[in-house]
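A.B. asks: Here it is, the structure, as structure tokens.
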Amino acid sequence: MELIVEERRWEPPAPPPQESTLVWVRLAVLEAEVRQQVKGAGGRWDPQRRLWELRYGQVIALGLSKRIVRKGGL
């Protein structure tokens, strides 16, 4: 027996951005130490988006890849 719930076209995941690509990262308000690390790595706060802008390579180096906000999340 085979049960097919849904069929749709498969699209492979997008490749990761290049290290120099700027990405948006979300940090919690109380994460002062992480915020200082992001600032030290060249991060820039955007008060309208309430997100940090940082180069992808730095995000990876800081271990913050799970905090990247995708375009749809803005």
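A.B. asks: Report, by residue number, each residue of region 56-72 that is touching a residue at least 24 places away in the same chain (Cβ under 8 Å) and within 10 Å of the chain's Cα centre (by Cα).
C.D. replies: Result: 56, 59, 60, 64, 67, 68, 69.
A.B. asks: Out of all the residues in region 44-74, which are among the hydrophobic types (A, V, I, L, M, F, W, C) and either touching a His at 6+ places or on another chain (Cβ under 7 Å) or not in a strand (DSSP E or B) (or both)?
C.D. replies: 59, 60, 61, 62, 64, 74
A.B. asks: Given the structure, is residue 41 among the small types (Gly, Ala, Ser), at pLDDT 95 or above and at negative phi? Give the derivation first.
C.D. replies: On the way: among the small types (Gly, Ala, Ser): yes; at pLDDT 95 or above: yes; at negative phi: yes.
Criteria met by residue 41.
A.B. asks: Hey, any hits in region 1-22 for a residue that's hydroxyl-bearing (Ser, Thr, Tyr) and within 10 Å of the chain's Cα centre (by Cα)?
C.D. replies: no
A.B. asks: Kindly provide the set of residues from region 3-43 that are closer than 12 Å to residue 64 by Cβ, without any contact (Cβ under 8 Å) to a residue 40 or more places away in the chain and not in a loop (DSSP other than H, G, I, E, B), ordered by number.
C.D. replies: Once the filter is applied, which keeps residues that are closer than 12 Å to residue 64 by Cβ, without any contact (Cβ under 8 Å) to a residue 40 or more places away in the chain and not in a loop (DSSP other than H, G, I, E, B), region 3-43 yields 34, 35, 37, 38.
A.B. asks: Kindly indicate whether any position in region 57-66 is out of contact with any helix residue (DSSP H, G or I) (no Cβ under 9 Å at 6 or more places or on another chain) and at positive phi.
C.D. replies: Applying the first criterion (out of contact with any helix residue (DSSP H, G or I) (no Cβ under 9 Å at 6 or more places or on another chain)) to region 57-66 yields 57, 60-61, 63, 66.
Cutting the leftovers down to at positive phi gives us 63.
Scanning region 57-66 turns up at least one residue that is out of contact with any helix residue (DSSP H, G or I) (no Cβ under 9 Å at 6 or more places or on another chain) and at positive phi.
The values are calculated or read from the model by the stated rules, or taken from the named source; none is laboratory data. All values reported here derive from a predicted model rather than from experimental measurement. Here Cβ is always computed from backbone atoms with ideal geometry, including for glycine, and neighbour counts include all displayed protein chains.
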